[in-house]
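A short worksheet on the structure shown next.
The values are calculated or read from the model by the stated rules, or taken from the named source; none is laboratory data. Here the structure is a predicted model, which is why all the values come from computation and not from measurement. FYI the Cβ positions are ideal-geometry reconstructions off the backbone, even for glycines, and counts take in every protein chain you see. With ligands, DNA and RNA removed, areas are computed over all heavy atoms of the protein, side chains included. Shrake-Rupley method; radii C 1.70, N 1.55, O 1.52, S 1.80 Å.
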Number of protein chains: 4
Amino acid sequence: MNTDSRVAIIGASGYSGEELVRLLLRHPHAKLTAVSSRQYAGQSIASVFPKFTGIPGAELLFIPSTTEAIIQSGANTALLALPHGVAHEFAAPLLQAGLNVIDLSADFRIKNINTYAEFYGEAHHAPELCSTSVYGLAEIHTDAIRTASLIACPGCYPTSILLPLIPFLKEGLLDPTSIIVSSMSGVSGAGRNAKLDYLYVECNESVRSYGVPKHRHLAEIEQELSLAAGQPVTISFTPHLIPVNRGIHTTISALPTPNTTAATLEAAWQKAYAHRPFVRILPSPALPDTKNVTGTNFCDIAFRLDPRTGRILILSAEDNLIKGASGQAIQCLNLLNGWNETAGLL
Amino acid sequence: MNTDSRVAIIGASGYSGEELVRLLLRHPHAKLTAVSSRQYAGQSIASVFPKFTGIPGAELLFIPSTTEAIIQSGANTALLALPHGVAHEFAAPLLQAGLNVIDLSADFRIKNINTYAEFYGEAHHAPELCSTSVYGLAEIHTDAIRTASLIACPGCYPTSILLPLIPFLKEGLLDPTSIIVSSMSGVSGAGRNAKLDYLYVECNESVRSYGVPKHRHLAEIEQELSLAAGQPVTISFTPHLIPVNRGIHTTISALPTPNTTAATLEAAWQKAYAHRPFVRILPSPALPDTKNVTGTNFCDIAFRLDPRTGRILILSAEDNLIKGASGQAIQCLNLLNGWNETAGLL
Amino acid sequence: MNTDSRVAIIGASGYSGEELVRLLLRHPHAKLTAVSSRQYAGQSIASVFPKFTGIPGAELLFIPSTTEAIIQSGANTALLALPHGVAHEFAAPLLQAGLNVIDLSADFRIKNINTYAEFYGEAHHAPELCSTSVYGLAEIHTDAIRTASLIACPGCYPTSILLPLIPFLKEGLLDPTSIIVSSMSGVSGAGRNAKLDYLYVECNESVRSYGVPKHRHLAEIEQELSLAAGQPVTISFTPHLIPVNRGIHTTISALPTPNTTAATLEAAWQKAYAHRPFVRILPSPALPDTKNVTGTNFCDIAFRLDPRTGRILILSAEDNLIKGASGQAIQCLNLLNGWNETAGLL
Amino acid sequence: MNTDSRVAIIGASGYSGEELVRLLLRHPHAKLTAVSSRQYAGQSIASVFPKFTGIPGAELLFIPSTTEAIIQSGANTALLALPHGVAHEFAAPLLQAGLNVIDLSADFRIKNINTYAEFYGEAHHAPELCSTSVYGLAEIHTDAIRTASLIACPGCYPTSILLPLIPFLKEGLLDPTSIIVSSMSGVSGAGRNAKLDYLYVECNESVRSYGVPKHRHLAEIEQELSLAAGQPVTISFTPHLIPVNRGIHTTISALPTPNTTAATLEAAWQKAYAHRPFVRILPSPALPDTKNVTGTNFCDIAFRLDPRTGRILILSAEDNLIKGASGQAIQCLNLLNGWNETAGLL
């Protein structure tokens, strides 16, 4: 167990960065030693996020978002809450300076840099790091996360899709060619960006799909599903924007393989998650509801067999900013430091 | 063209009944001669629905919900906005008294009374009427509606699913065994019922599926899809409750048949809807958004071919209380009376 | 009655402009001959506002926002839905070209140009027009509106405050020094502007006051209250932003003058509004609720005497974009043209 | 410091009870030994509130809501989250059995039992306890709370009104006859009750006042203001229901006494709250926003002098279920046991 943990957050002014700040200010082991922002350097956490005023530690001042400033802060772990394409630039110098890096962007999630270029529309700037980064899906790559120096935290949609599917694919219970996913996300998933599409009036009393049929998150989803299935997996994925601040609900339809039963499905999930604190297999008749997971690091999952169609219906719910971003990053930080996986997260 | 149209609404105190009142008070041809309610008999429309105060006609008093009172009101058409299982009792005597009946419940939608019993959990009380009723999906059964005496208006989810799918199935463009549907509905779909599940605090900042895997609407959806496909069709259907007052968004995945192309799909929709006023085929890159249809009788539809999976993604949006209920009932009323299909609906 | 009414909307791309388009497309007498926008010139109404697709008239193309283009369109009335400070520039040339002008901005509401400069932070560019403009509070300045050439439509908050207060002040029923107003507005009141403050996530699950203690609308509110009271009136006004798309609720506290009773208050309102279609005096025990007025041109009002404090509580509700903006503009257009005041508004 | 704290929650199935459970499950010193409910006896916390599944302690089973069961549970402190009129019955036997009682209902807030009867419409059943109960406004009656055996936690609106006003009245800075209050509350304030008025569709896109002009909370508000002012105080109070789950925003207008200045006002607040952890005096130009306090035990306050009217505008924001109910109860529990006031609340 690492008792010397000084953590810096780079790019702490977005919604994920704000959640990282919140979680780290109350973390029992990690010490938040630096927060950086191009925009807010010199201001305190409390002045940038008034809701943290009065919380011990909120008097910390933002520093500039430069690798030099981060390194000088004395942090031994850097959490990057930056847009994709920007995290690229920070990881290498921080790693070279001996820091561990936990990146919340997409930059180090994709192992195949051609796939990265295809989905993100630009060449990768630090391809050499993609082979050493660990995909930070905490329940799946647990051991690799414990010893990683560069952790790429999964996207919000991917977490809600991969957690229920991977155990089924690993056990060969699903036909990997049959997977169809429909997800709904709260508006915080779009980030704190002043765009007309995300104005209150444009989102309230509205539901719409977007990014179809080739959303960027497909790159990492299919990478990890393929790894679990032991064969290339391609899926259909339709994301929707709904008027909630937080929460992702995912609905998956898939065909079982011949000998799959409710019991084998249940067993696969129990094997994967019965001893893990943050994935909750809901007892029937409960179904996932985002209001039971928002504000938490839990991902709730349930399935139903449909005797009429022979298909399996799989449902999940998570908080997109916590289990889908900042909470999972802290979970990885806990694993990396040998702390209790739930430290600061319950 | 019928110039003598006196319309009664039976059970006008729910959300669909309220919308019927709103639409009929401003209808250029129909005259609202009676509204009935067990609960509100003797009170005026304006006192039950304060928002209609000052609208000409809102001084009309509710009468009791008895067939005698309806018949005595002089109405020649009765719109039933009653729960399923109750509409049963009203239709036969009203028809015998010479009224036309437009029913918004599920009671006369299902042709096969065994299917009705299976999905609704009770025997049908007026099975003889099920063979003569016309399924009031206005764009599909147009001619039959014009000459019907008993019209069974489609459910809210079915309308959003059937309108985009039927032209494709009629033209043989989709594999009818491959259809997977995920829908999201606003809370008004649950009716004006004082239940904990539909309290503001339970629905706001919440998304959840329900009624899986065998929602009652499957009975009519599969009946009509089978009719269009010329073979029995079974589908997967997952409804979700989302925090909006109104609106349904439906997302459908299906496999094309071998020669299907974007052009043949587009052509099938154009053939079906280019000359119909209420189904809007969205030009790319637009995607359906419930905020563009709430308050209207429109259903917006769009599709995308996914070259990665070979599947077709079909999207639709409607107002569950209008195109999914009361607006479609008025559209049927217009057809039945030989009026312009859009009368009172634009 | 003017049977030749060709109307142009200048600056039709904001929320008020969009409502003007909606109302004029269904108006029985006015013909929408031009819509202008710097941003959308050349595009159709339907492409800019997809929700209007299929409505007759929505194929009209936006023209540039220049006075020349407006004049050439053949319109005889121009509705200006422009920011304050911009409407200034358009009014004079349009008036000179013989058009009537109905302005929805603040530019011609304030008779005293020093007050304008004090509250809006810049000198008025067309001060000569301020003496001839008519403040378009339709129920109060009815006769002047009928013969005006330049009508300055009231702001959204002012309408909700002035309608209930003016009859009381005219009759000397309130102490004009005692008026304290608290209002709540939906987010559409902030306009279609891409600002962080109005993002969904920043407004949902949030309530906050703003613009205190000297909101710009005080200039016109106090001008009109002073006119009604026959003496200068200064009030306290606190606006709040609440998470609804539309609607303003106003709560006013004031002291009665010595002989004021519930009966004299009621009589003052009845005298002012009993024969006017859009102000509804709610019968006890009803209280204004924005959901009863959103989507309509109604303003609902109620009062209560508080025997404990001796004060009068006055409550009102309206749709900020309709009675508080576009609907009132159409109401003025109706008066100006000698049409039924409710034309196109019920 | 009391190191032996076993706490029972009586009536834990409403929204306040749920929050008490959440706060006590993570409290560093208190041990939740019993939760009771008529409805849920025998079920676990996790099954009644699925969102607590996986939180240590959530396996605790509900016991029946009887004083015997509570006493047998071994608890030494009982938190009553019961409707007013019911808490009456529980307090005396629990106190006699030696437990401390913290009541969240109105039953022991009102010292004058005639006032209780006037505002609550029934005679008090345990009037002898009203003289010994301590009003649990934690920042104001701090010392009395430390030694109390029966604590009556303030209502949600009263907390938001009393915290900003009491220091001003104590210092004689306000004219106590001039106070006018307008508050807005989230829907959770209405409790988890299946009533039509609180359905999602009835509350969403709606704002309305209610309970005017004599809301029950006036009884305790005026009691405490009178105590602070040293003279009887009567105020105007208008509560409103707005579409948020949580949060109260209060807007107060009052007249200053002759020598009052911004500096004396600021000084009064600093004296009262500078060293208290949960009342945050916002630095200008910040104004209270409920989104900064929901989920926390903070109450944010700010004031503005209005040179135009000579009045003072006072604003506050809190979470109605936390600082306005359960959080304040835990704050009282902390004081009562000699723990850090913030234990379990940051």
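Here are some notes:
- Peptide C:182-188 is shielded by partner chain Cβ atoms: per residue, an average of 5 of them sit within 10 Å of its Cβ.
- B:T53 - accessible surface, heavy atoms, 1.4 Å probe, Å² rounded to 10: 50
- Entries in A:K195/B:K51; A:K214/C:K195; D:K51/D:K291; B:K291/D:K195; B:K291/C:K111 that, when Cα-Cα distance is taken, lie over 31 Å: A:K195/B:K51; B:K291/C:K111
- Between helix C:327-336 and chain C there is an angle of about 80 degrees, using the helix long axis and the longest principal axis of the Cα atoms.
- Magnitude of the charge dipole for chain A, about its Cα centre and with charges confined to Cβ atoms of Lys, Arg (+1) and Asp, Glu (-1), is about 480 debye.
- Cα centre as origin, Lys/Arg/Asp/Glu Cβ charges: the protein assembly as shown dipole, Debye: 0
- Between B:I113 and A:E118, the distance separating the two model label sites (each 7 Å from Cα on the Cα→Cβ line) works out to 5.7 nm.
- Distant-in-sequence amide H partners of B:V279 (H built 1.01 Å from N, under 5 Å): B:C299
- Taking N as the residue count of the range D:97-208, its C-alpha radius of gyration divided by 2.2 N^0.38 Å amounts to 1.29.
- CD proxy at 222 nm, helix term only [per DSSP H run n ≥ 4: -39500 (n - 2.57); per residue of chain C; nearest 500]: -8000 deg cm²/dmol
- Computed over the range C:154-260, the Cα gyration tensor eigenvalues convert (square root of 5λ each) into semi-axes of 30, 13, 11 Å, ordered from largest to smallest.
- Dimensionless Rg over Rh [the range B:64-106; C-alpha; Kirkwood]: 0.92
- Rg of the Cα atoms in the range C:214-294, relative to 2.2 N^0.38 Å, amounts to 1.28.
- At 7 Å out from Cα toward Cβ: A:Q231 inter-copy label distances (nm, ascending): 2.5, 8.7, 9.0
- All-pairs alpha carbon distance profile, the range D:100-139, 5 Å steps from 0, percent: 5, 26, 33, 23, 9, 3, 0
- Residue by residue along C:191-199, Cβ atoms of other protein chains within 10 Å of the local Cβ number 5 on average.
- Estimated FRET transfer efficiency (A:N259, B:Y210; beta-carbon r; R0 30 Å; 0.05): 0.50
- Per-residue packing, averaged as other Cβ atoms within 10 Å, sorts the ranges B:100-106, D:144-150, C:74-80 into the order B:100-106, C:74-80, D:144-150, beginning with the highest.
- Rounded to the nearest 20 debye, the dipole magnitude of the range A:1-49 is 60 debye, with +1 charges on Lys and Arg beta carbons, -1 on Asp and Glu beta carbons, and the Cα centre as origin.
- Largest to smallest accessible area among A:L282, B:L24 [probe 1.4 Å]: A:L282, B:L24
- Total accessible surface hidden between D and C, rounded to 100 Å², 1.4 Å probe: 3500
- For C:244-253, mean number of other protein chain Cβ atoms within 10 Å: 6
- In nanometers and ordered shortest first, the copy-to-copy spacing of the B:T177 label point, defined 7 Å from Cα toward Cβ, is 1.3, 8.7, 8.7.
- At q = 0.12, 0.16, 0.24, 0.25 Å⁻¹ the log10 of I(q)/I(0) for the range C:271-346 amounts to -0.39, -0.63, -1.09, -1.15, computed by Debye summation with a single uniform scatterer per C-alpha, solvent ignored.
- Centroid-to-centroid, using Cα positions, the range D:249-277 and the range B:88-121 are 67 Å apart.
- Since only A:T67, A:N114, A:G186 are under comparison, the one whose Cα sits farthest along the positive direction of the charge dipole of chain A, derived from C-beta charges on Lys, Arg, Asp and Glu, is A:G186.
- Cα-based equivalent ellipsoid of chain C: semi-axis lengths in Å, sorted from largest, via gyration tensor: 33, 21, 20
- Among the trypsin sites (Lys or Arg not before Pro) within the range B:7-77, those in coil by DSSP and having at most 16 neighbouring Cβ atoms inside 10 Å are B:R26, B:R38.
- Taken along the Cα-to-beta-carbon direction at a fixed 7 Å, the label points for B:E68 and C:S131 span 7.5 nm.
- Here the 3J(HN,Hα) profile of the range A:251-260, calculated from phi with Karplus coefficients 6.51, -1.76 and 1.60 at θ = phi - 60°, is 10, 10, 10, 8, 9, x, 7, x, 9, 5 Hz, Gly and Pro shown as x.
- Comparing Cα centroids, the range A:47-84 and the range C:190-234 end up 36 angstrom apart.
- Between 0 and 90°, nearest 10: helix B:262-273 axis offset from chain B longest Cα axis: 20
- The Rg/Rh ratio for the range D:1-61 is 0.95, where Rg is the radius of gyration of the alpha carbons and Rh is the Kirkwood radius.
- Taking A:E171, D:E68, C:E205, D:E19 and ordering them by how much accessible surface each has at a 1.4 Å probe, largest first, produces D:E68, A:E171, C:E205, D:E19.
- For the protein assembly as shown, alpha-carbon Rg over 2.2 N^0.38 Å: 0.93
- Annotation for the range A:299-333 versus the range C:2-27: alpha-carbon center distance of 48 Å.
- If the Kirkwood radius is taken over C-alpha pairs of the range B:19-128, then at 20 °C and 1.002 mPa s the Stokes-Einstein diffusion coefficient equals 142 µm²/s.
- Against the main long axis of the alpha-carbon atoms of chain A, helix A:218-229 sits at an angle near 60°.
- Inter-probe distance in nm under a simple model that places probes 7 Å from Cα toward Cβ, at C:N340 and B:D143: 3.9
- At 7 Å out from Cα toward Cβ: D:Q270 inter-copy label distances (nm, ascending): 5.8, 6.4, 7.6
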